[in-house]
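Since the structure comes first, as structure tokens, the remarks are kept for the end.
The values are calculated or read from the model by the stated rules, or taken from the named source; none is laboratory data. Every value quoted in this text rests on a predicted model; they were computed, and no experiment measured them. Positions of Cβ are generated from backbone atoms using ideal geometry, with glycine treated the same way; all protein chains shown enter the neighbour counts. When the accessible area is computed, the model is the full protein with side chains, heavy atoms only, and any ligands, DNA or RNA have been set aside. Shrake-Rupley method; radii C 1.70, N 1.55, O 1.52, S 1.80 Å.
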Amino acid sequence: MYSLVRRYLKTAIVFLAVGLLIGVWMQAERDLLGRYPGAYERSAHTHAILVGFVMMMILGVALWLFPRPAKEDARYTPALAETAYWLVTIGTAVRIAGELARPFAGSLAIGVATFAAGLLQVIGLGIFFYTMWSRIRPVGSAAREAKGERF
């Protein structure tokens, strides 16, 4: 497992921890203080878990397990996979922070930063799947399917 894959997976675990802490905080406020979490807190929790943990884990495992790029493949570049990592990581972290800050300082600047962070997430995911698209191909299964093997 090479370093970029490890970075995706470890970052996913950090986002899981952040999401779980936000979840515990929301539950404590609800169950102990009678205050139900607002839309921004729910959004921060959702993005920490679904984008930060689930998507980063999926991206890291895909990068690790998908077939290596073909020698003539000009579409896949490790630099794009790393760019995607940084865009999704920064976008998700800023989005979580922005969502949590909104109830306390609902300024337009925080709203713009949170929206921009969401765009970084989308762009990062788009770049990742663009660069990985050519790696979604049959390697050994094509030969087995040609011989009539069914999966």
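Couple of notes before you dig in:
- Residues in the range 4-28 that are open to solvent by 30 Å² or more (accessible area, probe 1.4 Å) and over 17 Å from the mean Cα position of the chain (by Cα): 21, 24, 25, 27, 28.
- Check on residue 91, under 12 Å from the mean Cα position of the chain (by Cα) and at negative phi: yes
- Applying the set (1) modelled with pLDDT under 95; (2) more than 25 Å from residue 136 (Cα to Cα) to residue 2 leaves exactly one unmet item: (2).
- Criterion applied to 36, 40 was being farther than 17 Å from residue 122 by Cβ, outside any helix (DSSP H, G or I) and either of a type in the set (Val, Ile, Thr) or open to solvent by 40 Å² or more (accessible area, probe 1.4 Å) (or both), and the one residue passing it is 36.
- Residue, nearest to residue 1 (Cα to Cα), within the range 64-75, restricted to residues that are out of contact with any Leu (no Cβ under 9 Å at 6 or more places or on another chain) and modelled with pLDDT of 85 or more: 65
- Screening the range 60-151 for helices (runs of 4 or more DSSP H) wholly inside it with 3 or more residues that are over 22 Å from residue 16 (Cα atoms) and either open to solvent by 60 Å² or more (accessible area, probe 1.4 Å) or free of Cβ contacts under 8 Å to residues at least 12 places away in the same chain (or both) returns the ranges 108-132, 141-146.
- Remark: residue 12 falls outside the filter, which requires a residue to be modelled with pLDDT of 95 or more and either closer than 20 Å to residue 114 by Cβ or not in a helix (DSSP H, G or I) (or both).
- Selected residue [out of contact with any His (no Cβ under 7 Å at 6 or more places or on another chain) and within 22 Å of residue 118 (Cα to Cα)] from 22, 58: 58
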